[in-house]
1. What tally of residues in region 26-71 results from selecting those that are within 15 Å of residue 11 (Cβ to Cβ), β-branched (Val, Ile, Thr) and exposed (fewer than 14 other Cβ atoms within 10 Å of the Cβ)?
2. I'd like to know if region 205-223 contains one or more residues that are assigned to a loop (DSSP other than H, G, I, E, B), at pLDDT 90 or above, in contact with a Leu (Cβ under 9 Å, 6 or more places away or on another chain) and hydroxyl-bearing (Ser, Thr, Tyr).
3. Considering each of 125, 139 in turn, give the residue that is in a strand (DSSP E or B) and touching a strand residue (DSSP E or B) at 6+ places or on another chain (Cβ under 8 Å).
4. Tell me, yes or no, whether region 215-225 has at least one residue that is in contact with a strand residue (DSSP E or B) (Cβ under 7 Å, 6 or more places away or on another chain), outside the structural domain of residue 105 (by TED's automatic domain parsing) and closer than 13 Å to residue 165 by Cα.
5. I need the full set of residues from region 201-214 which are within 15 Å of residue 163 (Cα to Cα) and surrounded by 14 or more Cβ atoms within 10 Å (Cβ to Cβ), in order please.
6. Residue 25 - would you say it is assigned to a helix (DSSP H, G or I), touching a His at 6+ places or on another chain (Cβ under 6 Å), charged (D, E, K, R) and farther than 17 Å from residue 65 by Cβ?
7. Which residue is nearest to the chain's Cα centre (by Cα), if the candidates are limited to region 225-274 and must be over 20 Å from residue 199 (Cβ atoms) and part of a loop (DSSP other than H, G, I, E, B)?
8. Here's a check for you: in region 142-177, which residue that is assigned to a loop (DSSP other than H, G, I, E, B) and among the hydroxyl-bearing types (Ser, Thr, Tyr) is surrounded by the fewest Cβ atoms within 10 Å (Cβ to Cβ)?
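The values are calculated or read from the model by the stated rules, or taken from the named source; none is laboratory data. Keep in mind that this is a model prediction, so the values were computed, not measured. Note: ideal-geometry Cβ built from the backbone for every residue, glycine included; neighbour counts use all protein chains shown.
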Amino acid sequence: MDRFGALSAFVAVVEHGGFAPAARRLGVAPSSLTRQVNSLEESLGTLLMNRSTRTVSLTEAGTQYYEDARRILEELESADRTASELAGPPSGLLRVTMPVAFGTLHVAPALPAFFREYPGIRLEIRLTDTMMNLVEDRIDIAIRLGSLATPNLIARKLAPHRRVICASPDYLGERGTPMEPEDLSRHNCLLFDYLSGESTWTLARDGKTVKVPVTGNLRANGSELLREAAIGGAGLLLMPTWLVGHDLAAGRLLPVLESWAPTPGASEGAVWAVYLPNRRGSKKIAAFLDFLVQHFGSPPYWDKHA
């Protein structure tokens, strides 16, 4: 029995929910996976899976064996990557996840230049605003925004993450410009915090923090939709400068309450790249992150209006 092949087959069947879907994903016949898992069970002298016509489920022994097998395969994959990367220039597959809007606006345009500089690297990018698990989803790098609470991951700051309250000239001309945080409660605020029925914007200045309840006629989970609505004059918007920086520079949006900093501020939040400790020393991770830092600049190009 090919022990490595049997372990890989077993883990694939578990993670894809059955022999048929695992076979489709791997491009092999279901019977091949069945033979490998059967051989594995025979060698162990115990049943790892309960099989039915439609589903498979793990036995108690199978549950523990799956955790151990997955860890062994991940460590072997890590060892292979490390050995291969030491032999030459950065190369191989790099799996990256990042928020949809940020990836579309600031990573996608830079990719042609990245591939010209590192032709041996292949990227698999997953755009999602959901926080993915680097181990379970087999992610090499996750780009995350704002405050960071990942004690078990290595984090690198790529750029500051500064937020601003802004509105279109037409809206401010019609409704007036808020001069103090309390004025926000009298304005139509476009809300990104769509998970709750109420929203509060928190501002800080000279050690003083003010929390202002805000309301509005538009609440959405898409930052680009809210940006377009703000440009059209729908209301006040609280968004990071990486989203609205070019609109501020062009005058399509105007900043308000500039002496007050929305919290978390730049000192508390950033554009972060996080990865697992066992990926420390990866040449392709370093190449990708070094490239992004250089591409974004210091200060980042989206803050040049300031």
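1. Qualifying residue count for the region: 1.
2. Within region 205-223, one or more residues are assigned to a loop (DSSP other than H, G, I, E, B), at pLDDT 90 or above, in contact with a Leu (Cβ under 9 Å, 6 or more places away or on another chain) and hydroxyl-bearing (Ser, Thr, Tyr).
3. 125
4. no
5. Those that are within 15 Å of residue 163 (Cα to Cα) and surrounded by 14 or more Cβ atoms within 10 Å (Cβ to Cβ): 201, 202, 203, 204.
6. Yes: the conditions hold for residue 25.
7. 266
8. Once the filter is applied, the top-ranked residue is 147.
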